[in-house]
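The values are calculated or read from the model by the stated rules, or taken from the named source; none is laboratory data. Small disclaimer: the values here were computed from a predicted structure and weren't measured. With ideal geometry, Cβ positions are generated from the backbone for all residues, glycine too; neighbour counts draw on all protein chains shown. The protein model used for the area step is the full one, side chains on, heavy atoms only, and it has no ligands, DNA or RNA in it. Shrake-Rupley method; radii C 1.70, N 1.55, O 1.52, S 1.80 Å.
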Amino acid sequence: MFVPKTFLAVGECMVEMAPTGEGTYKMGFAGDTLNTAWYARKCLPDSWSVGYLSAVGQDQVSGRMIDFLKSSGIDTGEMRTLGDRTVGLYLIQLEGGERSFAYWRSQSAARLLAADRAHLEQAMRKAALVYFSGISLAILPESDRKVFLECLKIARSGGTQIAFDPNLRPRLWEDAATMRECVTAAAGLCDFVMPSFEDEFTHFKDATPQESAERYLQAGAGMVVVKNGSEEVVWASDRDFRSFQPGPVPNVVDTTAAGDSFNAAFLATFLAGGDVVASVEAGAALAGRVIQHRGALVPCLEPIGQD
Ligand code: ADP
């Protein structure tokens, strides 16, 4: 029997309420790891399954989230369902053209995604690649973070590859020092660490993307890909530092999910046997298209110029 390889993203998908007018909102679903899973599904061949591991409630909105994932071609077999919780939500507010976000996520079901260790370990071990972010870690109770890292270690020793975007969000952590410590420990267990320099500069005080790459390599990462908006992408592995200039993007409308979509196309290309140049090019090409549209999830894999 043919069993597809699995790209398993782990984290929190939330309800998104985006303004459509005075007091009216459109409901959607988004979240950093979900965005990457969504784009990975579009980039990977059918010989790959893309799954999402998180937790939802048993209520109607949780059901709609599951339906959304399924309709996007994302496998929901590893989702946990909890009777006494529901999914997190955020509201996008527009004031004078500036967007701000209000969150209701402190009691979300996703915070318990690692509470069943046996389930987490088994799901990770079955996957060819596990993808997660600093947000996936931040939302977990401290003891579950340890469990999460132990499960990653076990899965990796069995051949699962691990990819991680630190996505540093200090407000989600108890304090910044804990965030830096946990992110560094997690990076040391990974084959791919894919930070954005703006975050690393702000929270680790790295002077250059090369410094961020060096720091994560020293922590034990196998390969580091540092994104930096319109600036060069720095790629580092085994002391081999290379940089790539993404092509110019003519009409940047909304940079939401730039990094998430870059990660998906980079990993999909690399997993399909592409070399690092092709993988960075694919990442930058997809991100470059995503940021020319509003919103996180943009159907934009048609040939350039068609959408
Ligand atoms: P994040 O969304 O995580 O902050 P970045 O802003 O670093 O990530 O962007 C990720 C990738 O998106 C970059 O490496 C680049 O390929 C592309 N990108 C983002 N902003 C721009 C831009 N202004 N011009 C061209 N490419 C961009």
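Tallying residues that are in contact (Cβ under 8 Å) with a residue 12 or more places away in the chain and farther than 17 Å from Tyr131 by Cα within the stretch 5-50 yields 13.
Any chance the stretch 111-118 includes a residue that's open to solvent by 10 Å² or more (accessible area, probe 1.4 Å), aliphatic (A, V, I, L, M) and not in a helix (DSSP H, G or I)? Yes, some residue in the stretch 111-118 is open to solvent by 10 Å² or more (accessible area, probe 1.4 Å), aliphatic (A, V, I, L, M) and not in a helix (DSSP H, G or I). All of Ser100, Ser72, Ser49 fail the test of being surrounded by fewer than 24 Cβ atoms within 10 Å (Cβ to Cβ), of a type in the set (Ser, Thr, Tyr) and within 18 Å of Ala155 (Cβ to Cβ), apart from Ser49. Residues that are over 26 Å from Lys5 (Cα atoms), part of a helix (DSSP H, G or I) and among the acidic types (Asp, Glu) are absent from the stretch 257-271. Counting only strands (runs of 3 or more DSSP E) that sit completely within the stretch 1-96, those holding 2 or more residues that are within 25 Å of Ala138 (Cβ to Cβ) and either among the aromatic types (Phe, Trp, Tyr) or touching a Leu at 6+ places or on another chain (Cβ under 8 Å) (or both) correspond to 5-10, 14-21, 24-30, 48-53.
Of everything in the stretch 162-205 that is surrounded by 20 or more Cβ atoms within 10 Å (Cβ to Cβ) and among the charged types (D, E, K, R), the residue that is farthest from Asp238 (Cα to Cα) is Asp199.
Scanning the stretch 245-263 for residues that are over 17 Å from Val193 (Cβ atoms), in contact (Cβ under 8 Å) with a residue 40 or more places away in the chain and not acidic (Asp, Glu) gives Pro246, Gly247, Val249, Pro250, Asn251, Val252, Val253, Thr256, Ala257, Ser261.
For (1) over 24 Å from Arg156 (Cα atoms); (2) acidic (Asp, Glu), each residue gets a yes or a no:
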residue: Trp173; (1), (2): yes, no
residue: Cys190; (1), (2): no, no
residue: Ser212; (1), (2): no, no
residue: Thr256; (1), (2): yes, no
residue: Asp260; (1), (2): no, yes
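Among the criteria (1) among the small types (Gly, Ala, Ser); (2) over 21 Å from Gly159 (Cα atoms); (3) surrounded by fewer than 19 Cβ atoms within 10 Å (Cβ to Cβ), the one Ala236 does not fulfil is (3). None of Val252, Val226 is of a type in the set (A, V, I, L, M) and either open to solvent by 30 Å² or more (accessible area, probe 1.4 Å) or on the phi > 0 side of the Ramachandran plot (or both) except Val252. Scanning the stretch 260-290 for residues that are open to solvent by 20 Å² or more (accessible area, probe 1.4 Å) and either among the basic types (Lys, Arg) or within 9 Å of the ligand (Cβ to nearest atom) (or both) turns up Ala284, Ala285, Arg289. Limited to the stretch 260-273, what total is found for residues that are touching a helix residue (DSSP H, G or I) at 6+ places or on another chain (Cβ under 7 Å) and small (Gly, Ala, Ser)? Summing the residues that are touching a helix residue (DSSP H, G or I) at 6+ places or on another chain (Cβ under 7 Å) and small (Gly, Ala, Ser) in the stretch 260-273 gives 4.
Taking the stretch 143-181 as the region of interest, how many residues are among the hydrophobic types (A, V, I, L, M, F, W, C), within 14 Å of Leu120 (Cα to Cα) and over 17 Å from the mean Cα position of the chain (by Cα)? Number satisfying all stated conditions: 4.
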